[in-house]
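What follows is a single structure, written as structure tokens, with notes after it.
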Amino acid sequence: MSKLFIGGLAWHTDDATLRQKFEEFGPVEEAVVVKDRDTGRSRGFGFVRYVNEADAQKAIAGMNNVEFDGRAIRVDRASDTGPRGGGGRGGAYAPRGGYSQQPQMPYAAGQPVPYGMPNPVMYPPAYGRGGYPPQPAYGTPPPQGKFAEPGR
């Protein structure tokens, strides 16, 4: 058996249309268009499984970068890595429901933070501080020297 990845499918392509087209190269054991579990719409790719390796090779040669249902599709051998994480939400994310796999520690910039000591990366200096003198209180004379306003 050989499983092929079919990418770039049109949104309206369904399992039957995919099977019908790829049966031109030999008997198809399975043809599936992957759908979004929330909306039920096609995700734009699918898989076709052939009984014979030779038929799969003919399908790759005959259908890769060819227009099908109005779109140029990509046909390649499917990898057998199994399901990958991420769920289409921009990469790995914390599982829903409360408990995660890793123990939670107060990390800041990838380094553990000792308890009782604030981390400067975790708590940046407040706006207006850090290099400039504090604001003078009302009624004090204006500053003279390095931080004086120009023209005074």
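The values are calculated or read from the model by the stated rules, or taken from the named source; none is laboratory data. For clarity, every value in this text was computed on a predicted model and none was experimentally measured. Heads up: the accessible areas ignore ligands, DNA and RNA and are worked out on the full protein's heavy atoms, side chains in. Shrake-Rupley method; radii C 1.70, N 1.55, O 1.52, S 1.80 Å.
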Per-region count, region 23-49, residues closer than 17 Å to residue 7 by Cα and of a type in the set (Ser, Thr, Tyr): 1
In region 1-23, the residues that are among the aliphatic types (A, V, I, L, M), open to solvent by 50 Å² or more (accessible area, probe 1.4 Å) and part of a helix (DSSP H, G or I): 16
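Would you mind stating whether residue 101 is open to solvent by 80 Å² or more (accessible area, probe 1.4 Å) and modelled with pLDDT under 90? Spell out the reasoning first.
Details: open to solvent by 80 Å² or more (accessible area, probe 1.4 Å): yes; modelled with pLDDT under 90: yes.
The answer is yes for residue 101.
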Filter result (of a type in the set (D, E, K, R) and either within 30 Å of the chain's Cα centre (by Cα) or open to solvent by less than 30 Å² (accessible area, probe 1.4 Å) (or both)) within region 24-54: 30, 35, 36, 37, 38, 41, 43, 49
